[in-house]
Amino acid sequence: MTQDTALLPKSLVAGDEPVPARKVFVKTYGCQMNVYDSDRMSDALSRDGYVATDVVEDADFVLLNTCHIREKAAEKVYSELGRLRELKKAKASEGREMVIGVAGCVAQAEGNEILRRAPAVDLVIGPQTYHRLPEALKRARSGERVVETDYAIEDKFEHLPAPDKVKTRARGVTAFLTVQEGCDKFCAFCVVPYTRGAEVSRPVAQIVAEAEKLVDGGVREITLLGQNVNAWHGTGPDGGDWGLGDLLRRLGEIDGLARLRYTTSHPRDMDESLIEAHRSMTKLMPYLHLPIQSGSDRILKAMNRRHTAAEYLALVERIRRAQPDLALSGDFIVGFPGETEADFEDTMRLVEAVGYAQAFSFKYSSRPGTPGADLKDQVPEDVKAKRLERLQFLLINQQRDFAASCVGREIDLLLEKPGRMPGQLVGRSPWLQPVNVDAKRSQIGDIIRVRITRAGPNSLFAEVIE
Ligand code: 5AD
Ligand code: SF4
């Protein structure tokens, strides 16, 4: 990759000879918030002259942005670190530097333990301290092994660079925007309250400014992110208390912004104002990710979800009355400690009753430090596997039925990027399904009217309505 030296900081320009920029390779695991954080970290590093690379062998700095939600996710990181150790050795023998950093929730949860288990790691940085990354990296380059996991009193968002126009253009027409981070719910299975900390909402003005910048850079659809996004709260310019519904209405006023989404929501925080936004805002897409985890009241109680299955069903009905076109998505955990066959049947019945357009389901994974880990009655692996298989069969069928029910419908399609076949672009339906259509590259960013003609296993196909 060539680099205009005018873009490089002076320290990287020796005499008249351009010094190649240092390269950073970022690998992101887990949720969309990590995707957002990875972009912000790359932006912060680019101020120090780093350019992004997709080729790990070329990187001077390799940063893994990790996930701790289930054991498998955390273990993946350690196998990757094993591979990187070999690469680092090989590069060192050629006299080339490779700094290895671990960010994200594994970093926060395990801190120093990572340095012990993975000797090749130079830098460990938790999600609350990303604004200190450039400085931490300098220390790591001078030979220190750095651990930055202490929660900052300062607001990381105030220090991290906002998305810049040029990079936004390169990243596309849809974007994530973190509005809320952390969680105070303490579901018994979940590490998030420990890795992401207490719930913090970003202020309205900061969010609006970031959204305007994104739109200025060509973004047409924004997905608001938060571990508990609908717990977002703030003070409006009128001095009143604002909830997510108010924030969505404010963002809906931005010219050029065509579509809004938000994820992930907790059933207890779905208030009337947010439901009203689904009723009245055409820019708010008719899609809602609303995890319940289990359909058994006994298990919901043990999970500390603090609502019943009937309350969830009643809520779904209320939201569907406000927005009849709504597609629902959810998360499920099978095999939480103490889950009996009857509890699992309750989950199956709930899924039948709701009818999900999409869903994610997992075997319970015991996470150290969470209350679930101390519970007796852990469910055997083979039982979990069988239940997961049955649940996934049902959910996949529901997803397929939903996709089939879309065939013949006319929809607005936001064209996002080139499709797999030449001459095709792919976009997202209002219900988040990928849709392939014949269109010109120059149309990326346009919203066109199409008719859905066919449903494939993972995407839809459509024709343009003249
Ligand atoms: N085991 C299995 N699944 C989990 N999730 C969160 N914690 C665990 C765990 N310990 C799932 C939940 C959550 C999603 C992001 O991951 O379903 O909604
Ligand atoms: Fe985890 Fe529950 Fe908080 Fe969601 S609401 S992040 S599952 S503790």
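The values are calculated or read from the model by the stated rules, or taken from the named source; none is laboratory data. Because the structure is a prediction, the values reported are computed rather than measured. When we count neighbours, we look across all protein chains shown, and the Cβ atoms used for this are built from the backbone with ideal geometry, even at glycine. SASA here: full protein model, heavy atoms, side chains in, ligands and nucleic acids out. Shrake-Rupley method; radii C 1.70, N 1.55, O 1.52, S 1.80 Å.
Out of all the residues in the range 82-104, is one or more within 16 Å of ligand 1 (Cβ to nearest atom) and over 23 Å from Ala162 (Cα atoms)?
Looking for residues that are within 16 Å of ligand 1 (Cβ to nearest atom) and over 23 Å from Ala162 (Cα atoms), one finds none in the range 82-104, hence no.
Residue check: is Val204 over 30 Å from Ser361 (Cβ atoms) and either touching a residue at least 60 places away in the same chain (Cβ under 8 Å) or not aromatic (Phe, Trp, Tyr) (or both)?
Here the answer is yes, as Val204 does meet what is asked.
What number of residues in the range 251-266 are of a type outside the set (D, E, K, R) and under 19 Å from the mean Cα position of the chain (by Cα)? Walk me through how you get there before you give the answer.
Of the residues in the range 251-266, the ones of a type outside the set (D, E, K, R) are 251-252, 254, 256-258, 260, 262-266.
Within this subset, residues satisfying the condition of being under 19 Å from the mean Cα position of the chain (by Cα) are 260, 262-266.
Within the range 251-266, residues that are of a type outside the set (D, E, K, R) and under 19 Å from the mean Cα position of the chain (by Cα) number 6.
Can you pull out every residue in the range 225-241 that is within 26 Å of Cys31 (Cα to Cα) and in contact with a Phe, Trp or Tyr (Cβ under 9 Å, 6 or more places away or on another chain)?
Leu225, Gly226, Val229, Asn230, Trp232, His233, Gly234
Give the residues of the range 285-294 that are within 15 Å of Phe332 (Cβ to Cβ) and open to solvent by 10 Å² or more (accessible area, probe 1.4 Å), sorted by residue number.
Listed by number, the residues that qualify are His289, Gln293.
List pairs: first in the range 361-387 and over 21 Å from Ala342 (Cα atoms), second polar (S, T, N, Q), Cβ under 8 Å, 6+ apart or cross-chain?
Going by the 8 Å Cβ cut-off, the qualifying pairs are Ser366/Gln378; Pro371/Asn304; Ala373/Ser366.
When the residues of the range 333-365 are narrowed to those that are surrounded by 15 or more Cβ atoms within 10 Å (Cβ to Cβ) and more than 30 Å from Pro286 (Cα to Cα), which ends up nearest to ligand 1 (Cβ to nearest atom)?
Ranking the candidates gives Ser365 first.
State which residue pairs qualify: first residue outside the structural domain of Leu244 (by the TED database) and inside the range 259-278, second residue open to solvent by less than 10 Å² (accessible area, probe 1.4 Å) and of a type outside the set (Lys, Arg) in any location, beta carbons under 9 Å apart, and separation of 6 or more residues or different chains.
Short answer, once both residue conditions are applied: none.
Identify all residues within the range 359-390 that are touching a Phe, Trp or Tyr at 6+ places or on another chain (Cβ under 6 Å) and over 17 Å from Ala73 (Cα atoms); write none if there are none.
Correct list: Gly372, Arg387.
Restricted to the range 169-222, and to residues that are basic (Lys, Arg) and away from ligand 1 (no atom under 16 Å from the Cβ), which residue is most open to solvent (accessible area, probe 1.4 Å)?
Step one: of the range 169-222, the residues basic (Lys, Arg) are 169, 171, 185, 196, 202, 213, 220.
Now restrict to residues that are away from ligand 1 (no atom under 16 Å from the Cβ): 169, 171, 202, 213, 220.
Details: Arg169: 145, Arg171: 100, Arg202: 10, Lys213: 102, Arg220: 67 Å².
By that ranking, first place goes to Arg169.
Say whether the condition of being under 28 Å from Glu317 (Cβ atoms), among the aliphatic types (A, V, I, L, M) and out of contact with any Asp or Glu (no Cβ under 6 Å at 6 or more places or on another chain) is met by at least one residue in the range 355-375.
yes
So which residues in the range 276-297 are assigned to a loop (DSSP other than H, G, I, E, B) and either within 16 Å of ligand 1 (Cβ to nearest atom) or of a type outside the set (Ser, Thr, Tyr) (or both)?
Scanning the range 276-297 gives Met281, Lys283, Met285, Pro286, Leu290, Pro291, Ile292, Ser294, Gly295, Ser296.
Assess whether Arg420 counts as being in a loop (DSSP other than H, G, I, E, B) and in contact with a helix residue (DSSP H, G or I) (Cβ under 7 Å, 6 or more places away or on another chain).
no
Are there any strands (runs of 3 or more DSSP E) wholly within the range 206-273 with 1 or more residues that are hydrophobic (A, V, I, L, M, F, W, C), and if so which?
Per the criteria, 221-225, 241-243, 259-263.
Is it fair to say Arg451 is of a type outside the set (S, T, N, Q) and surrounded by 13 or more Cβ atoms within 10 Å (Cβ to Cβ)?
yes
Taking into account only those residues within the range 61-81 that are away from ligand 1 (no atom under 15 Å from the Cβ) and among the polar types (S, T, N, Q), which is least open to solvent (accessible area, probe 1.4 Å)?
Asn65
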